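Each remark here refers to the structure printed beneath this line.
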Amino acid sequence: MTSTASALRAPQMALRVRTVLVWVAGTAILALMALWLIINFVHAPAQFFQSAVYGLRNGVLYALIALGYTLVYGIIELINFAHGDLFMLGTVFSAFTLTGLGLTVPNLTGWLGFALVLVLAMIFCASINVTIEFLAYRRLRRAPKLAPLITAVGMSFVLQFIGQQWNGSTPRLWPSILPRGHFTIGGVTIDHNVFVVIAVTGGLLALMTWIVAKTRAGKAMRATAQDQDAARLMGINVNRIISFTFAMGGALAGAAGILYQQTVGTTRYNAGFQLGLIAFTAAVLGGIGNLTGAVLGGLLIGLIQGLNDGLPLYAPGQAWSQSVVFAILIMLMVFKPTGLLGQTVGEKV
Amino acid sequence: MSFAEPVPTEGKPRGRLRLPGRFTWPLFFLVLAIAIFIFYYLLTMGYLDPSVRSFALKWFPLVSINEALVWVMAALGLNIVVGYAGLLDLGFVAFWAIGGYVAGWIMSGFFDKANVNILGNPARFITGGIHVNFWIVVIAGAALCAFFGVLIGAPTLRLRSDYLALVTLGFGEIIPQVFHNGDNVYGVNISNGTKGISPIDPVQGLSISPQGIKFGSLGPFDHLSRYLIFLVLTLLILFMSLRLREGRLGRAWLAIREDELAASAMGVPLMRTKLAAYGIGAVAGGVAGVAFASHVSGVLPDRFQFAISITLLAMVVLGGMGNVWGVMLGALLLAWFNSTGLPELGTTFNSTFGTHINFPSYSFLIFGGALVLMMLFRREGFLPESRTRLVLREPERTDVEALGSDMEEQAPELDVMTTGGKSGDEGVRP
C-alpha cells in the first residue's frame, strides 16, 4: 500500500521540484540583470540614460509593430509572419512617396507632406494586409494550424520579393524631413524627432484604444476574438471584422514604417524580418493577444536592446543584439509563456 | 498500414516475380542512384558523345547533384520533426551550422595549438590542428546536434505549436550569430568569425578519373567519388527514417501529430517522444552539415541564414509531409532548381528572347509563392502520405460540431473517413 502511495507521490514531487527550480532560475536571471543595470547606472549615469532614450525610441516603433501581431493573434490565433515584411514595405513606400513628391527638406511643407504620407502609408499597408487575409488566410481558417503558419511564412517571402524589386537588394539612404536638431539635459542628447515619434504613436494608440473599447466594430472584434461561432450567431459579420482587424494591424505597421524610415533614414528589403521578429518577441513578452501588453513589451524590448547596445560594462554589445532578444524570447517561453500581462489559456480541445 | 483490413489472400502470381508494394520506391531510388553513377562514370571516362556531355554538364552537373543530396539529408531530418511528429521547426539551419562547425573544428588546422590526428587526412601545407577521420566526424557532428536538439527541445516542447515554431526560429538565429561573432568570445576565438574555417581536410575515397581509379584523398573535382559518399550517407538517413516510421516510436510520432491529447491519453509519453523527434531530426541535420562542409571544403557563417530553414521547410511541404519519398523528391527538385535550374533557365530564356531578366532574384517570389499556393490548393504535397492527406484535410472537431451539416459540402473527405476510408496510396486493398 505504501509503495503505491509513494509511487503516486513521485511525479508530484518531481513537479514541485521543477516548479521550485524554475522559480529559482528565473529569479536568479532577473537578479543578475538588475545587478548589471545598477553597476552600469552607477558607473556612467549619462550613458545609461542616453542608451535608454535610444532604446525607448526604437521601443515605441516595436510597440506599433507588435500591436499588429497581437491584434491578429488575438482574433484568429495566427502568427502573421508576413507582418514584419509589411512594415518593411511601409518603409519603402513612404521613402519613395516622400521623395517622389519632392519632400526632402524639413520645413512646413515637408511636415504637412509627412502627415499626408503617414496617412497614405497606413492606407497602403492596411490594404495589403487585408488583401493577404482575403486571398490566403481566409481560405485556411478551418485548416490545421500548420497550414496558415506556413502560408504566412510564404507570404513573408512574397512581400520580401516585392521589397527587393522595389528598393533594390542593397540598403538605401534617404533624407529626413522631420525637425532636425537636438537638445541636451545633463549630458543626455535627445533628438527632436523623438517627440514626433512619440506624439504620432501616442495619437495612434489612443485612437486604437478608442476603436477597440468604445466603437461597435471594436465590440464586435472582442466578441469575435472570444468565440467566432457565438459572434456569428449574434449577427456579427465575422469575415468583415477579421478584415477590419487586419486593416488596423496593417495601418499601425504602415505608421511604424514611415516613422522608422524617417528616424533611421535607411530602407532595406530584409529589415522586416528582423524587426518583425523583435516585435513579435515584444508581443509575447507582454502577453500575446493583450494590447496593453504589446505596448509594454515593445517598450521593454526596445529598452533592453538599447541598454545592451549602449552600456559600457559587461554588455554583449551591438553584435549580439539579435541573440539577446531571442535569448529573452526563449527564456520567456521557458519561464513565463503567458507573458507579463497575458492569461493562461489552455490549448483548445 | 496497420489499420488496414486484412489483406485478402491472392492466388500466387504465376510466371513473373511480384514485389511487395513497399519495395517499389526503394528499388526505384536505388536504380536511379546507380543509373546516375554509371552515367557519370561513363561521362568522366569520356565514353559519351560530346553533345550528351555538354548537355549533362550544363543542366545536371554532378556538383549540384551532390549538393542536392546534402539538402535531401537535411530535409529528411526536418521531415522527422515536421512531417512525422508535426512540430514546426523554423530554425533547422542551426543544426546544419553546428554540423558544419564540428567539421571545421576537428577536421582542419583551426586549433593550430593542438596536433591530433585520429585516422585523419590533413590537407597539404597544413601543420597542427585536429584531424579526425571523416566518418568519425560525421558521428561526432550527429551526436553534438542530437545533444543540442534535446537541449533546445527540453524546455520548450511543452509549448503550444506556434510558440514552438518561434523558439526554434530564435535558436536558428542565435546559433549562426554565435559563429558569426565567434572570433572573440571574451578573447577566445571559437569560429574565426566572418572569415569562417577553410580549408577542411579532404575526404579519403576512390578517386575516379580517366587516368584510373585509386584510393586517396579526394581533390576538389572528384565529384563522382563524393557522390558515392553522400549517397551512402543519404541511404543511411533514409533507412533510419523508413524503419523508425514503422516502429513503435514512429507510430507514437504519428499519434502525437494527429491528436496530442488522444495520444497522451493512450499512454504515449509526450515529452520523450517529441524529444526523440527533435534529437533524431537534428542528427540528420548534423550529418548534412558535415557533408556540406566537406562538399565546399569550408564553413562560412553567413551561409547559415533563415532562408535555408525556409527552403528546407518548402522541400518538406512541397514533396509531401511525412512521406519520405515525397520529401526526397521535393528536396532534389528544389535544390536542383535553386542551384542550376533557375539560373540556367534564366540564361536560356534571356538568350532566346533577348531579354535581361535576373532570374535568380525571383527565388523569393517562387519559394514564397510555392508555399502559399501549395497550402491553398494542395496542402498534402506532390507525393502525399495517404494518412497525411486525411489529416490535413480534416476539419477540427469543434468546427464540425459548430457548422453541422454545412461541413458536408466543404470537406467531401469527411464522408470518406466516416465510411471507413478509401484505399490509400499503399494499395493494399483490391
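The values are calculated or read from the model by the stated rules, or taken from the named source; none is laboratory data. Keep in mind that this is a model prediction, so the values were computed, not measured. Methodologically, a virtual Cβ is constructed for each residue, glycine included, from the backbone with ideal geometry; neighbour enumeration extends over all protein chains shown.
Filtering region A:140-153 to residues that are assigned to a loop (DSSP other than H, G, I, E, B) and not aliphatic (A, V, I, L, M) leaves A:R141, A:R142, A:P144, A:K145. Going by the structure shown, is B:G172 touching a Leu at 6+ places or on another chain (Cβ under 8 Å) and not aromatic (F, W, Y)? When the stated conditions are applied, B:G172 passes them. Candidates are the residues of region B:148-166 that are outside any loop (DSSP other than H, G, I, E, B), within 8 Å of another protein chain (Cβ to nearest Cβ) and without any contact (Cβ under 8 Å) to a residue 40 or more places away in the chain; the one that is surrounded by the most Cβ atoms within 10 Å (Cβ to Cβ) is B:T156. For the residues B:M321, B:M328, B:M315, the requirement of being buried (at least 20 other Cβ atoms within 10 Å of the Cβ), part of a loop (DSSP other than H, G, I, E, B) and out of contact with any Pro (no Cβ under 7 Å at 6 or more places or on another chain) singles out B:M321. Criterion first (under 18 Å from B:F292 (Cα atoms) and among the β-branched types (V, I, T)) does B:V70 satisfy it? Taking the combined requirement at face value, the residue satisfies it. Restricting A:L98, A:L116 to residues that are surrounded by fewer than 20 Cβ atoms within 10 Å (Cβ to Cβ) and either more than 30 Å from B:R160 (Cα to Cα) or among the polar types (S, T, N, Q) (or both) narrows the list to A:L116. Within region A:314-336, if we keep just the residues that are free of Cβ contacts under 8 Å to residues at least 40 places away in the same chain and facing another protein chain (nearest Cβ under 7 Å), the residue that is nearest to B:R158 (Cα to Cα) turns out to be A:I330. Within this structure, B:I174 passes the test of being among the aliphatic types (A, V, I, L, M), within 14 Å of chain A (Cβ to nearest Cβ) and in contact with a Phe, Trp or Tyr (Cβ under 6 Å, 6 or more places away or on another chain).
Among residues of region A:140-161 being among the basic types (K, R) and out of contact with any Ser or Thr (no Cβ under 6 Å at 6 or more places or on another chain), the one that is farthest from the other protein chains (Cβ to nearest Cβ) is A:R141. As a summary of the residue check, A:D309 satisfies the conditions (1) closer than 18 Å to A:M33 by Cβ; (2) touching a helix residue (DSSP H, G or I) at 6+ places or on another chain (Cβ under 6 Å); (3) within 9 Å of chain B (Cβ to nearest Cβ) except for the one numbered (3).
So if I check each of B:F60, B:F111, B:F95, B:F55, which one is under 22 Å from B:L238 (Cβ atoms), over 14 Å from the mean Cα position of the chain (by Cα) and more than 14 Å from chain A (Cβ to nearest Cβ)? Criteria check complete, one pass: B:F60. Hey, among A:D227, A:D191, which residue is within 14 Å of chain B (Cβ to nearest Cβ) and either in contact (Cβ under 8 Å) with a residue 60 or more places away in the chain or not basic (K, R) (or both)? Step by step, each of A:D227, A:D191 is checked, and only A:D227 is within 14 Å of chain B (Cβ to nearest Cβ) and either in contact (Cβ under 8 Å) with a residue 60 or more places away in the chain or not basic (K, R) (or both).
The one condition from (1) within 11 Å of another protein chain (Cβ to nearest Cβ); (2) part of a loop (DSSP other than H, G, I, E, B) that A:G342 does not meet is (1).
Hey, could you check region B:371-390 for residues that are more than 7 Å from every other protein chain (Cβ to nearest Cβ) and in a helix (DSSP H, G or I) and say which is modelled with the highest pLDDT? Result: B:L373. If you go through region B:54-105 and keep only what is assigned to a helix (DSSP H, G or I) and either free of Cβ contacts under 8 Å to residues at least 60 places away in the same chain or among the charged types (D, E, K, R) (or both), you end up with B:S54, B:F55, B:A56, B:L57, B:K58, B:E67. Among the residues of region A:175-216, those identified as at pLDDT 90 or above and more than 23 Å from the chain's Cα centre (by Cα) are A:K214, A:T215, A:R216.
In summary, B:S363 fulfils each of the numbered conditions (1) facing chain A (nearest Cβ under 10 Å); (2) over 26 Å from the mean Cα position of the chain (by Cα); (3) not basic (K, R) with the single exception of condition (2).
Here B:R14 meets the list (1) of a type in the set (D, E, K, R); (2) part of a loop (DSSP other than H, G, I, E, B); (3) modelled with pLDDT of 90 or more almost entirely, failing just condition (3). For region B:36-53, a tally of residues being surrounded by 12 or more Cβ atoms within 10 Å (Cβ to Cβ) and part of a helix (DSSP H, G or I) returns 11.
Scanning region B:106-139 for residues that are of a type in the set (A, V, I, L, M) and touching a residue at least 60 places away in the same chain (Cβ under 8 Å) returns B:M107, B:A123, B:I126, B:V137, B:V138. Among residues that are in contact with a Gly (Cβ under 6 Å, 6 or more places away or on another chain) and of a type in the set (D, E), B:D162 is not included. In the set (1) of a type outside the set (A, V, I, L, M); (2) more than 27 Å from B:R158 (Cα to Cα); (3) in contact (Cβ under 8 Å) with a residue 60 or more places away in the chain, the condition left unmet by B:R257 is number (2). Restricted to region A:36-139, the set of helices (runs of 4 or more DSSP H) holding at least 3 residues that are away from chain B (no Cβ under 14 Å), among the β-branched types (V, I, T) and over 15 Å from the mean Cα position of the chain (by Cα) comprises A:83-100, A:108-135.
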